[in-house]
Amino acid sequence: MLAQQSSLLGSDATPSITRLGAGLTRTRLDARSWVDHRLGWIAGSDAVFDEVSHSTPWRAERRQMYDRVVDVPRLVCWYEAEAELPHPVLGAARLRLSAYYRDSLPEGFATAGLCLYRDGRDSVAWHGDTIGRGRTEDTVVAILSLGAPRALLLRPRGGGTSARFKVGHGDLLVMGGACQRQWEHAVPKTAKGCGPRISVQFRAPGVR
């Protein structure tokens, strides 16, 4: 069973989506790339974490790494555009995000990719979501974080100074403009004790 430390807002609150524009902070990474960050966008998010962590059909993946096959250091689940998400708040969040970012993403958010980081040993390496539209055009990727906070880093492609965001307990991080082509993002391993975190990534059709 997954155990997490509740946020200071408390875990007994009924889950709800707060107003998106209030408290939203935009960081310009360069002239064409930006990140929006909203703390505590989902109120009562610990209850959402508990249900999603138990109801999602998580699977472990293995990947070729040079001359051997290794375990991917996280559990994953993918939901296509028409699939029902594992909690109604996630479906409502996708609709709210699609409406808010309509000017930047006219087609709206469609798919949802879920990753479960069980503890500090789970991670994701530097990458950009460049399959599909993200390879040649601007797109928007929204990440909703549930559970224990983790660091999410962004750096220019090819290396350079990284930007650091701490996300968890219902926080929202949205990457837009040319971010997927000109920047990479990662969730590094940490030796510090931390509880599990679920990352919910909303993307446009065909973007991975």
Gaussian network model of the chain, Cα within-10 Å springs - most flexible of ALA31, ALA178, ALA186: ALA31
Within a Gaussian network of the chain (alpha carbon springs, distance under 10 Å), most fluctuating of GLY147, GLY159, GLY120: GLY159
Whole-Å distance, taken between Cα centres, linking the stretch 150-196 and the stretch 122-147: 10 Å
Proxy reagent accessibility, fewest Cβ within 10 Å first, across LEU39, LEU105: LEU39, LEU105
Rounded, prolate or oblate (a/c below 1.5 giving rounded, otherwise prolate when a/b exceeds b/c) for the stretch 31-86 by Cα gyration tensor: oblate
Under 13 Å, Cβ to Cβ, from ALA186 - net charge with Lys/Arg +1 and Asp/Glu -1: +3
Ranked list, fewest to most other Cβ atoms within 10 Å of each Cβ, for ARG133, ARG68: ARG68, ARG133
For q = 0.19, 0.22, 0.25, 0.26 Å⁻¹, Debye-computed log10 I/I(0) when each Cα of the stretch 124-189 counts as one equal scatterer: -0.73, -0.94, -1.13, -1.18
Cα gyration tensor, the stretch 38-196 - rounded (a/c under 1.5), prolate or oblate: rounded
Neighbourhood charge, 14 Å Cβ-Cβ cut-off, centred on ILE42 and excluding it, Lys, Arg +1 and Asp, Glu -1: +1
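FYI, it's all coordinate maths here, none of it is from the lab. All figures in this text were calculated on a predicted structure; none of them were measured in a lab. Counting neighbours? That spans all protein chains shown, and the Cβs are built from the backbone with ideal geometry, glycine included.
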